[in-house]
Amino acid sequence: MKGKIIKILILAVAIIGIIVAAIFGYINSRFNYNIDNATGNTAGNLNNGGTFAEYDGKIYFANPYDSGRLYVMNTDCTDAKRLNTDSVSSLNVCGSYIYYVKNNYSRDAIDTGARVNMYGVYRTDLKGNNPTSLYETLSGVTTMYGNYLYYQHYTDTSPLSFHKVKIDGKEDTELSKMPINPACIYNNKVYFANAGQRNNIYTYDIRNGSLSRVNEANAYLVDTADNYIYYIDLAKNYSLVRYNVANGTTELLYAPDNGKVVTYNRYGNKIFFSVEGEERGLYRMNANGTQIEFLVEGNIVDIQCTSKYTFFQYFENAELLYRVPTTGSITKIEEITILKEE
């Protein structure tokens with residue numbers, strides 16, 4: 001009798017173990033979706049290459065000291081570590097996953113016979129593991145919004161068509177053959193400069209595919225927040241302006257006397273922008289154009305904003321990284337080195 005009881009107990013424990021393992025297996029294999037209006041990065045960062053993305057107390061970034069490979073660090077730039085060996089851009093981070101455009105083109109990859117795909121849109125977990133290809137060839141700007149990635153799809157016949165793919169890898173769909181830049185998605189609409197319509201600002205409604213013209217400006221690098229659309233106006237000598245959607249007026253934020261604004265990044269109430277020409281350098285101002293500050297001289301590129309720091313590089317030496325506080329007083333320009341992991 002005692003022997004039967006022991007056998008029953010052993011069998012019960014085994015069954016419980018199988019059930020627990022099945023439950024944990026299901027939980028671990030279950031795909032985690034986002035809320036419908038979740039975003040993976042800011043329009044300003046994505047318009048500047050998307051090499052930095054802040055999420056849940058961490059900064060995910062392409063390390064310029066290690067061929068742009070995927071790293072993570074704390075928001076104060078401590079404890080940096082490499083997540084994987086992909087060279088990345090268009091970083092989006094949300095929920096349980098990192099999304100990015102991979103560009104591993106290098107002499108080393110060619111010499112090894114390119115045993116893995118060098119390009120594409122990828123998803124990994126937050127540790128950089130379990131990479132999954134969502135699209136396996138050249139890709140442009142990619143934005144995560146809700147449960148889809150909206151991306152510029154390159155083929156020989158359609159070099160800049162506009163696609164979406166679900167974050168689980170399903171439903172890869174061509175939305176338009178137009179070269180739509182999806183960096184700025186706000187309230188279910190993509191705001192972009194329509195190259196086929198003299199760079200007028202248009203919206204593309206991701207719910208029904210409708211196109212609408214918002215402003216006839218000759219625009220470049222569109223961003224939007226609240227009732228304002230920010231952009232560089234090519235017809236106004238590359239000035240930085242914003243358009244008030246509510247009343248249809250345009251506000252001139254910065255107009256160089258001897259130069260032009262070549263890029264900018266808006267983060268909350270602050271705008272960092274780069275000017276080339278006689279006034280070349282990095283500037284900061286409020287989003288309404290007040291309190292303009294000259295920060296540093298040079299040809300500044302790749303402006304990336306996070307809550308604590310704004311990062312940038314010099315065109316002539318893109319392997320070095322610099323930072324300044326995003327808000328508050330700026331007393332010095334700091335060079336920051338993220339050591340390459342071997």
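Within segment 71-88, one or more residues are among the basic types (Lys, Arg) and over 25 Å from ILE300 (Cα atoms).
Run down LYS166, LYS127 and say which single residue is loosely packed, with under 15 Cβ neighbours inside 10 Å and either more than 16 Å from ASN208 (Cα to Cα) or among the small types (Gly, Ala, Ser) (or both). Checking each option against the conditions leaves just LYS127.
Residue pairs whose Cβ atoms lie under 9 Å apart, sitting 6 or more positions apart in sequence or on different chains, and linking a residue in segment 200-213 that is more than 12 Å from TYR186 (Cα to Cα) to a partner that is hydroxyl-bearing (Ser, Thr, Tyr) and surrounded by fewer than 11 Cβ atoms within 10 Å (Cβ to Cβ), are TYR202/SER212. Looking across ILE338, ILE333, one residue alone is farther than 24 Å from ARG242 by Cβ and in contact with a helix residue (DSSP H, G or I) (Cβ under 6 Å, 6 or more places away or on another chain). It is ILE338. Of all residues being buried (at least 17 other Cβ atoms within 10 Å of the Cβ) and free of Cβ contacts under 8 Å to residues at least 24 places away in the same chain in segment 288-321, which is nearest to the chain's Cα centre (by Cα)? Just the residue, please. Filtering segment 288-321 for residues that are buried (at least 17 other Cβ atoms within 10 Å of the Cβ) and free of Cβ contacts under 8 Å to residues at least 24 places away in the same chain, the one nearest to the chain's Cα centre (by Cα) comes out as TYR314. If you go through segment 282-300 one residue at a time, do you hit one that is closer than 26 Å to ASN237 by Cα, at pLDDT 95 or above and among the aromatic types (Phe, Trp, Tyr)? Among the residues of segment 282-300, at least one is closer than 26 Å to ASN237 by Cα, at pLDDT 95 or above and among the aromatic types (Phe, Trp, Tyr), which makes the answer yes.
Can you pull out the residues in segment 202-229 that are assigned to a strand (DSSP E or B) and more than 22 Å from the chain's Cα centre (by Cα)? Before you say what the answer is, go through the steps one by one.
Of the residues in segment 202-229, the ones assigned to a strand (DSSP E or B) are 202-205, 211-215, 219-225, 228-229.
Of everything in segment 202-229, those that are assigned to a strand (DSSP E or B) and more than 22 Å from the chain's Cα centre (by Cα) turn out to be LEU211, SER212, ARG213, VAL214, ASN215.
PRO131 meets the conditions (1) assigned by TED's automatic domain parsing to the domain that holds MET73; (2) within 30 Å of VAL262 (Cβ to Cβ); (3) touching a residue at least 24 places away in the same chain (Cβ under 8 Å) in every case but one. The failed one is (2). For a quick check of your reading of the model, give me the residue pairs whose first member lies in segment 171-188 and is free of Cβ contacts under 8 Å to residues at least 60 places away in the same chain, whose second is surrounded by fewer than 18 Cβ atoms within 10 Å (Cβ to Cβ), with beta-carbon atoms closer than 7 Å and at least 6 apart or on different chains. From residues that are free of Cβ contacts under 8 Å to residues at least 60 places away in the same chain, the pairs are LEU175/GLY209; LYS177/SER158; MET178/GLY196; PRO179/LEU160; PRO179/ALA195. When every residue of segment 181-199 is checked against the conditions, none turns out to be under 19 Å from ALA287 (Cα atoms) and in contact with a Gly (Cβ under 7 Å, 6 or more places away or on another chain).
Scanning segment 141-160 for residues that are at pLDDT 80 or above and not hydroxyl-bearing (Ser, Thr, Tyr) yields VAL141, MET144, GLY146, ASN147, LEU149, GLN152, HIS153, LEU160.
Evaluated against (1) surrounded by 15 or more Cβ atoms within 10 Å (Cβ to Cβ); (2) among the hydroxyl-bearing types (Ser, Thr, Tyr); (3) in the same structural domain as TYR314 (by TED's automatic domain parsing), TYR230 falls short on exactly one condition, (3). Quick check, is LEU253 at pLDDT 95 or above, more than 30 Å from LEU70 (Cα to Cα) and either of a type in the set (Ser, Thr, Tyr) or not in a loop (DSSP other than H, G, I, E, B) (or both)? Criteria met by LEU253. Pairs are defined by a Cβ separation below 6 Å, a sequence spacing of at least 6 or placement on different chains, a first member in segment 53-81 that is free of Cβ contacts under 8 Å to residues at least 60 places away in the same chain, and a second member that is of a type in the set (Phe, Trp, Tyr); the pairs so defined are ALA53/TYR60; VAL72/TYR60.
Looking at segment 185-216, which of the residues that are of a type in the set (A, V, I, L, M, F, W, C) and modelled with pLDDT of 95 or more is farthest from LEU149 (Cα to Cα)?
Out of the qualifying residues, it is VAL214.
The values are calculated or read from the model by the stated rules, or taken from the named source; none is laboratory data. All of these numbers come straight from a predicted model, not from anything done at the bench. Neighbour counts are summed over all protein chains in view; Cβ atoms, including those assigned to glycine, are modelled from backbone coordinates with ideal geometry.
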